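Where a number appears in this text, it was derived from the coordinates with a stated rule and is not lab data. As the structure is a computational prediction, the values presented were derived from the model and not from experiment. Positions of Cβ are backbone-derived with ideal geometry, glycine not excepted, and every protein chain shown enters the neighbour counts.
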Amino acid sequence: SNTHITFIGLGLMGVPMVNNLLKAGFRVTGFDLNSEVAEKFSGQNNFKFSKSAVEAVSDAAVTILMLPDSSIIDGVIWGNAGQEGISAHLKKGSFLVDMSSASPVSSRANNQKLNEIGINYVDAPVSGGVKKAIDGTLSIIVGGSSQDFEKTHALLEVMGKSITHVGAAGAAHAVKALNNYISAAGLIAVSESLIAAEKFGLDTHVVNKVFNTSTGKNNTTENKVENFMLSGAFNSGFSLALMSKDVQIALKFIEDMGCYSNLAQQCVKTSEEANQSLGKGADHTAVFKYVKSFQ
Ligand code: NAD
């Protein structure tokens, strides 16, 4: 395909996702506030780094966002004190595909305002982390009209394996936040459990092996305990700041729905406190270190 894609947000996830688009034959124009990331694509003929978001989008059939959070996303789309928004420069009839993890309320509003100016919108957040981004096997959750889902499906298949339409615009960002809340709850529960088991004198590797062959098994026990926690590496590629943002979105969503949110509240509290305590740049698996600091 020779379709022109613009990709804004070339971080840990954005870079491998763009690599898969280039491999599939798309022409990609990239933009990131950090211009050093351009070097990651040196020698790739179909990739061009743009010096501004506004310039990057003007010719794109599809603009993909892979940015940290809704306040940054809204600034990029609509502008703020520091920057001009891309909204006035997007081609009429083109697509804005927000693959970041963001607030469903903001996404719903963005969908409506973009539709009013002739731009199609879907939210298409991903799950699976850097490894699945590299392999092109992300789980991609899509919110938007059925028609827009059909039109973006082939493009999303380049980056993901399981692609699920969950509802109207904003719905995917809600489901993504809920997924990450469940995942974070698992991470915290496993951290508390392993540290208590260790204090009791048990071998945490054996304990985790039992979890993995029992009903406590979850993504933390299967993929994070050995690789990133017990090893002391704490380098999964998903930051604690982003996890904390996600559980806050989930809590707000659950509260907005007027539903029971006791565990979600605790999860936000632990995530935020760990984030403050461990400081900027901490990996989400370092929650284990934070929990350990209390013994
Ligand atoms: P990251 O921090 O590595 O990358 C974000 C990029 O956005 C950075 O390169 C940053 O310079 C850039 N950026 C920030 N503000 C910008 C602006 N105004 N204009 C242009 N670029 C800007 O984050 P990531 O891990 O790649 O995550 C991106 C999104 O994907 C987040 O919403 C995150 O929650 C979600 N996500 C991450 C993972 C993961 O495992 N890392 C998994 C699934 C979803």
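Looking at region 139-159, which of its residues are without any contact (Cβ under 8 Å) to a residue 40 or more places away in the chain and either in contact with a helix residue (DSSP H, G or I) (Cβ under 8 Å, 6 or more places away or on another chain) or within 19 Å of residue 264 (Cβ to Cβ) (or both)?
Hits for region 139-159 are 139, 141, 142, 143, 144.
Considering 87, 106, which residue is in contact (Cβ under 8 Å) with a residue 12 or more places away in the chain, touching a helix residue (DSSP H, G or I) at 6+ places or on another chain (Cβ under 6 Å), under 26 Å from residue 253 (Cα atoms) and surrounded by fewer than 23 Cβ atoms within 10 Å (Cβ to Cβ)? It would help to see each step written out before you state the result.
Numbers: 87 fails: under 26 Å from residue 253 (Cα atoms).
Only one candidate qualifies: 106.
Specify the residue that is nearest to the ligand (Cβ to nearest atom); the eligible residues are those in region 11-33 that are under 19 Å from residue 235 (Cβ atoms) and in a loop (DSSP other than H, G, I, E, B).
Keep residues of region 11-33 that are under 19 Å from residue 235 (Cβ atoms), which gives 11-16.
Of the ones still in play, those that are also in a loop (DSSP other than H, G, I, E, B) are 11-13.
Details: 11: 2, 12: 4, 13: 3 Å.
Step by step, filter region 11-33, then rank; the result is 11.
Take the residues in region 43-76 that are part of a loop (DSSP other than H, G, I, E, B) and buried (at least 22 other Cβ atoms within 10 Å of the Cβ), then tell me which one is farthest from the ligand (Cβ to nearest atom).
Here is the first cut: in region 43-76, the residues part of a loop (DSSP other than H, G, I, E, B) are 43-46, 50-52, 58-61, 66-69.
Keeping just the survivors that are buried (at least 22 other Cβ atoms within 10 Å of the Cβ) gives 60, 66-67.
Values: 60: 15, 66: 5, 67: 5 Å.
Here the answer is 60.
Out of region 127-150, which residues are near the ligand (Cβ under 9 Å from one of its atoms) and either basic (Lys, Arg) or crowded, with 23+ Cβ neighbours inside 10 Å (or both)?
Keep residues of region 127-150 that are near the ligand (Cβ under 9 Å from one of its atoms), which gives 127-133, 138.
Passing the criteria: 131, 132, 133, 138.
Which residue, of 237, 232, is more than 26 Å from residue 109 (Cα to Cα) and in contact (Cβ under 8 Å) with a residue 24 or more places away in the chain? Explain how you work it out, then say what you get.
On the way: 232 fails: in contact (Cβ under 8 Å) with a residue 24 or more places away in the chain.
The unique qualifying residue is 237.
For region 157-188, which positions are crowded, with 22+ Cβ neighbours inside 10 Å, out of contact with any strand residue (DSSP E or B) (no Cβ under 6 Å at 6 or more places or on another chain) and among the small types (Gly, Ala, Ser)?
Hits for region 157-188 are 174, 177, 184.
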